[in-house]
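I have placed the structure first, in the form of structure tokens, so that the comments after it can refer back to it.
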Amino acid sequence: MKHSLTLREGRRTRETVVDAGESLLAAMRRLDGQEIEAPCGGRGLCGKCRVRLVEGALSPPEAAERVLLSSAELAEGFRLACLARIAGDLCVERAQYGEAAIVESGRRLGLVIDPPVRSLVVRLAPGSLEDQGEDESRLLAALAALLPAELAPQWVELPALRVLANAARDGQALRATVAAGRVIGLRKAREGERDLAAGIDLGTTTIVCHLVELATGEVLARSSQLNSQRSFGADVISRISAAAEIPGGLEELRGRVASQISTMVALAARAAGAQADEVSCIAVAGNTTMMHLLAGVSPDAISRSPFIPAFLKTRTESAMALGLADHPLCAAILLPGLSAYVGADIAAGMAAIGLAELSGRSLFIDLGTNGEIAFGGRDGILACATAAGPAFEGAGIEKGSGGVGGAIEAVWMEEDGLRYGTIGGVPASGICGSGLIDAIAVFLDCGLVEDSGRIVDAGEASALGPKIAALRGENERGPLLHLDRDRGIYLSQADIRAAQLAKAAIAAGITTLIACADTMLASASGPAAGAGLGGPASGEAAGAANVDRLFLAGGFGSLLDVRSAVRIGLLPPSLADRVIVAGNSSGAGAVAACLSRTMVAACARACEFSTYVELSSRADFNGAYVDAMMFPERQ
Amino acid sequence: MSTLEDISAFLQKGRANETKAAVQKAIEEGIAAKDILEKGLMAGMSIIGDKFKRNEVYVPEVLIAARAMNTGLEPLKPLLVSAGVKSKGTVIIGTVKGDLHDIGKNLVKMMMEGKGLKVIDLGVDVSSDRFVAAAKEHEADIIACSALLTTTMTEMKNVVEGFKAAGMRDRITIMVGGAPITDSFCTSIGADLSSPDAASAADAAVAVCAKSA
């Protein structure tokens, strides 16, 4: 039976037809516009997809809803969209989300412009009875005359050929894209066109698009959006599940992200005063799962041991064939990855900061949904991924939020009490990763949270003085610590436990990689190789003190307060003064790849030069993980 | 404080050597081995389990308490054997095929041992066949399967099917657990029990064994 669903967001309303018994989340996914958040993938575990039933009929609340929603909230009509099922015509409402404040700056790179994709204007002789050669050879010869020998194309791709058959006859100027020895795309040329490219950082949470002018290397426009796959879950595992379990899931996820990138590139081009079909190259750097989903290749085997991806190498394709553009000119470069869990985003980041060229040993940490860590330098690189979980992205935290307007991003203590700042300076609506870390650091320092992570009891809190004690509260689930009592924003005991797990994963990853370096990087020679070739099996790991620099990449890494990160034990204290904020280094790497063949090769070399360390099977990692769950003692 | 209370208190603080010394003192005082186990060591572990359920203690404290329990058990084991004290039941535990997550499974194992169950740990990446073979070999009462990923939890269904195929399904209780596991998932794959945390899993396992005993 069919019913109507009306969704209200602020002043906006949208409507759709739904089936009786259908899940509300599935129905809401079909409405365009602002995506609904479902970090747990719609399994009734996280409580983030809450909506309020204004009128109409839904199935009775399930047990999981009674756990995640208070009785007062249930009475007001709040429900979890993933568990509630349509039982009649209805109208639901949800809070509007602010604009995402996603960090998209990257390091500026000094590059010689030598693009891997060349866009060239050619005019073909129409042919005659004396010269009956086919258009294909005519086009290849015309392009070869304009290019250095090593770039001359040998092959015309089918989408280009289809355009060629018609266009060649009327003697018009044609614009052709040449990449990887092939003519990827072709269309009629126009007067006064520009040659643009887009570097895409394809994150599980966020997509960032950088539009760049190929002639000058200047970045003309930047934009970022939350990944439109996120109603299928916050992390790569839930996306893989969705692709495998939902009928047509893989194609749905592929189509969503491809059309989102296509739209972002077109909007960026328009913002720069150009047309979308002046973009001749889109270079994409994402984690391995995102790259598989974008290519429409099943990532299923990535999700379980032994974690085998279908592909990792650089691919050059027609952007139109991938759904990344609706015009035939554009080429797409899918940048190379290192393993199932250290993807093209990390390789591009390593290439952007030039990790493989640096002397000494550097740590490179991308603090996204997955915490990827690389360690090394020109002697060799080790890389690993840690399952930090999405706590630092706000998922799995009761009052957690992504990096959006209104998220508490910084917390500190002043004489007269606790203070905080929000993204955009608007009233607080939740807490994001950097705020979470600051808050725990503050609560550790004032004694409300013990080293073990336990929130002290009411008696212990009162010994800390009335101002501090007033921050402690309780609800039906146990003790909590207020950040803003009026707005109902607090950290629960379970939130602190989730943060302990997340920070322990990163900290243990750092410890394990550094410990591995002496044995695994031993074959390389160099001043920092330490114990060196055939040295004693690493009983004594090079400590964090021997690390020359620490690059923090990712949006969250840029907002992070290093002192707070050290205070909670996320980063080793000895590295506090060696931190270099690398910003969105994968975005910077993707832009650089559009501009320079050397950078595409550098991404590939970063992969070949790195050894992947699988942490989950290592006993030393598991030991370090448990050790790192405690907070460092108060100094 | 009595010696048994000392044992419990030292265990809760994770002090392995003091726990062992207090156990030895209790033996010298002539306290029955079964009482030292149940009213000393297991009582302490039970308090840790309850605190873990309420998030008051966390993984590291449970692990060091479990280490103290194992150290405290050393001088007691021969006495338990000669006194004929039997375990309350036998559990085969493992993380399912394709999943390498260890820590959650280890917590469940420790909580179960803390309740006096015999636990055979098959480790991680355990196939359905290995669960079945181990259940036969050890005449297990319970199979406890762990999975942390939504992509590997489907493997639990294969374990259930494996026991059906071996004709052992009605003789064995299958428990499932891990972050993505819900009661409705448990029911949907035909498993018997799921628990929200390690301590509840141990309680449930003891209840199953008490019923079948």
(request) For A:L294, tell me the accessible area in Å² from a 1.4 Å probe, rounded to the nearest 10. (result) 0 Å²
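Provide the buried accessible surface between chains B and A in square angstrom, both chains summed, 1.4 Å probe, rounded to the nearest 100.
On the way: alone 10250 and 25680 Å², together 34000 Å².
Summed over both sides, the interface buries about 1900 Å².
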(request) Pop the C-beta distance of A:D89 and A:Q635 into the FRET formula with R0 = 45 Å and round what comes out to the nearest 0.05. (result) 0.15
(message) Ordering A:V297, B:V59 by accessible area with a probe of 1.4 Å, largest first, what comes out?
(response) A:V297, B:V59
(request) Within the stretch B:1-17, find all residues whose amide N lies under 19 Å from a label point positioned 7 Å from the Cα of B:E28 along Cα-to-beta-carbon. (result) B:1-11, B:16-17
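Which of the three applies to chain A, rounded, prolate or oblate, going by the alpha-carbon gyration tensor with a ≥ b ≥ c and a/c under 1.5 meaning rounded? Write down the numbers at each step before the final one.
Numbers: a/c = 2.25, a/b = 1.34, b/c = 1.68.
It comes out oblate by the Cα gyration axes.
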(request) Mind listing the long-range amide H neighbours of A:L220? Cut-off is under 5 Å, sequence gap 5 or more, other chains count too, H placed in the peptide plane at 1.01 Å from N. (result) A:L211, A:V212, A:E213
(request) Can you figure out the FRET efficiency of A:W412 with B:K13, using R₀ = 30 Å and their beta-carbon distance, to the nearest 0.05? (result) 0.30
(request) Looking at chain A, send over the antiparallel percent of its DSSP beta bridges, to the nearest 5. (result) 70 percent
(message) For the stretch A:290-326 and the stretch A:147-170, what is the centre-to-centre distance using only Cα atoms, to the nearest Å?
(response) 26 Å
(message) Suppose every Lys and Arg Cβ carries +1 and every Asp and Glu Cβ carries -1, with no other charges. What dipole size does the stretch B:90-212 come out with about its Cα centre, to the nearest 20 debye?
(response) 200 debye
(request) Amide H neighbours of A:A332 under 5 Å, at least 5 residues apart or on other chains, H built in the peptide plane: list them. (result) A:I282, A:E317, A:S318, A:A319
(message) At 7 Å along Cα-to-Cβ for each site, give me the label-to-label distance between A:A173 and B:K53 in nm.
(response) 7.9 nm
(message) Rounded to the nearest 10 Å², what accessible area does B:D192 have for a 1.4 Å probe in the complete protein model?
(response) 70 Å²
(request) Using a 10 Å cut-off on Cβ to Cβ distances, tally the other chain neighbours for every residue of B:98-110 and report the average as a whole number. (result) 3
(request) Take the Cα of A:E474, step 7 Å along the line toward its Cβ, and report every residue of the stretch A:65-86 whose backbone nitrogen sits under 20 Å from that point. (result) A:70-72
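Keeping all protein chains in place, calculate the accessible area per residue for chain B (probe 1.4 angstrom), answer in Å². Please report the intermediate quantities before stating the final value.
Values: 9220 Å² over 213 residues.
Averaged over the residues of chain B, the accessible area is 43 Å².
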(message) Through the Karplus equation 6.51 cos²θ - 1.76 cosθ + 1.60, θ set to phi - 60°, convert the phi angles of the stretch A:379-386 into ³J(HN,Hα) values in whole Hz; use x for Gly and Pro.
(response) 7, x, 10, 10, 9, 8, 10, 10
(request) Whenever you get a sec, line up A:E9, B:E29, A:E415 from highest to lowest accessible area (probe 1.4 Å, protein heavy atoms). (result) A:E415, B:E29, A:E9
(request) Could you pull out every one of the aspartates and glutamates with an alpha carbon less than 12 Å from that of A:K2, ignoring same-chain neighbours closer than 8 positions? (result) A:D19, A:E22, A:D89
(request) Compute, for B:H138, the solvent-accessible surface of its heavy atoms (probe 1.4 Å) with the complete set of protein chains present, and express it in square angstrom to the nearest 10. (result) 60 Å²
(request) State, to one decimal in nm, how far the label point of B:S87 lies from the label point of A:D445, with both points 7 Å from Cα in the Cβ direction. (result) 5.0 nm
(request) Report ³J(HN,Hα) in whole Hz for each residue of the stretch A:17-29, in order, from the Karplus equation J = 6.51 cos²θ - 1.76 cosθ + 1.60 where θ = phi - 60°; Gly and Pro get x. (result) 9, 10, 9, 4, x, 6, 6, 4, 4, 4, 5, 5, 4
(request) Place +1 on the Cβ of every Lys and Arg and -1 on the Cβ of every Asp and Glu in the stretch A:196-355, take the dipole about the Cα centre, and give the residue among A:T316, A:A242, A:A215 whose Cα lies farthest towards its positive end. (result) A:A242
(request) Mind listing, in residue-number order, the residues in the stretch A:210-241 that have at least 40 Å² less accessible area with every protein chain present than in their own chain alone (1.4 Å probe)? (result) A:I237
(request) Report the one residue of A:P148, A:A565, A:G377 whose Cα lies farthest in the direction of the positive end of the charge dipole of the protein assembly as shown (charges on C-beta: Lys and Arg +1, Asp and Glu -1; origin at the Cα centre). (result) A:P148
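Probe radius 1.4 Å, ligands and nucleic acids left out: which of B:M69, A:M413 has the largest accessible area, and how do the rest follow?
Highest to lowest solvent-accessible surface, that is A:M413, B:M69.
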(message) Starting from 0.36 nm per residue, how many nanometres of slack lie between A:A125 and A:R52 once their C-alpha separation is accounted for?
(response) 19.6 nm
(request) Tell me which residues come under 5 Å, amide H to amide H, from A:V581 once H is placed; ignore anything under 5 positions away on its chain. (result) A:L552
(message) Over the stretch B:3-82, how many pairs of lysines fall under 16 Å by alpha carbon, counting only those 8 or more apart in sequence or from different chains?
(response) 9
(message) Charges on Cβ only, +1 for Lys and Arg, -1 for Asp and Glu, centred on the Cα centroid of the stretch B:90-212; of B:G177, B:M110, B:A207, which one is farthest towards the dipole's positive end?
(response) B:A207
(message) Taking the alpha-carbon distance from B:K97 and a cut-off under 16 Å, which lysines remain once sequence neighbours fewer than 8 residues away in the same chain are dropped?
(response) B:K105, B:K157
(request) Taking only Cα atoms and a 10 Å spring cutoff, compute GNM fluctuations for chain B and point out the largest among B:I189, B:I143, B:I93. (result) B:I189
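Considering every residue in A:452-459, what mean count of other chain Cβ atoms within 10 Å of its Cβ is obtained? Walk me through the numbers on the way to the answer.
Working: counts 5, 7, 6, 2, 0, 1, 0, 0.
Shielding by partners across A:452-459 averages 3.
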(request) Report the charge-dipole magnitude of the stretch B:3-82 in Debye, nearest 20, computed about the Cα centre from +1 at each Lys and Arg Cβ and -1 at each Asp and Glu Cβ. (result) 240 debye
(request) Between A:E15 and A:E251, with labels modelled 7 Å along Cα→Cβ, what's the label distance in nm to one decimal, could you check? (result) 3.0 nm
(request) Only Lys, Arg, Asp and Glu count, each charged at its Cβ (+1, +1, -1, -1), so figure out the dipole size of the stretch A:567-635 about its Cα centre, rounded to 20 debye. (result) 260 debye
(message) Whole-Hz ³J(HN,Hα) for each residue in the stretch A:454-470, computed from phi via Karplus 6.51 cos²θ - 1.76 cosθ + 1.60 with θ = phi - 60°, x for glycine and proline: what do you get?
(response) 6, 6, 5, 7, 4, x, 4, 5, 5, 5, 8, x, x, 5, 5, 4, 5
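Just tell me, in residue order, which DSSP H segments of chain A are both 20 angstrom or longer along the helix axis (alpha-carbon based) and at least -0.5 in mean Kyte-Doolittle hydropathy.
Numbers: long enough: A:249-271 (33 Å, 0.35); A:493-520 (40 Å, 0.83).
Passing helices, by number: A:249-271, A:493-520.
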(message) Out of the total accessible area of the protein assembly as shown (probe 1.4 Å, heavy atoms of protein only), what percent is carbon and sulfur?
(response) 52 percent
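If you take every residue apart from A:Y420 with its C-beta less than 13 Å away from the C-beta of A:Y420, what net charge results, scoring Lys and Arg +1 and Asp and Glu -1?
Values: positive: A:K399, A:R419, A:R485, A:R487; negative: A:E409, A:E414, A:D438, A:D484, A:D486, A:D561.
Result for the neighbourhood of A:Y420: -2.
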(request) Post the alpha-carbon centroid distance, the stretch A:475-510 to the stretch B:13-86, in whole angstrom. (result) 31 Å
(request) Mind giving me the FRET efficiency for A:A63 and B:H138? R0 is 45 Å, r the Cβ-Cβ distance, nearest 0.05 is fine. (result) 0.85
(request) Using a 10 Å cut-off on Cβ to Cβ distances, tally the other chain neighbours for every residue of A:622-628 and report the average as a whole number. (result) 3
(message) Roughly how far apart, in whole Å, are the Cα centres of the stretch A:592-631 and the stretch B:188-213?
(response) 39 Å
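The values are calculated or read from the model by the stated rules, or taken from the named source; none is laboratory data. What you see is a predicted model; the values in this text were computed from it and never measured. All Cβ positions, glycine included, derive from the backbone under ideal geometry; neighbour counts span all protein chains shown. These area figures cover heavy atoms from the full protein model, side chains too; ligands, DNA and RNA do not enter into them. Shrake-Rupley method; radii C 1.70, N 1.55, O 1.52, S 1.80 Å.
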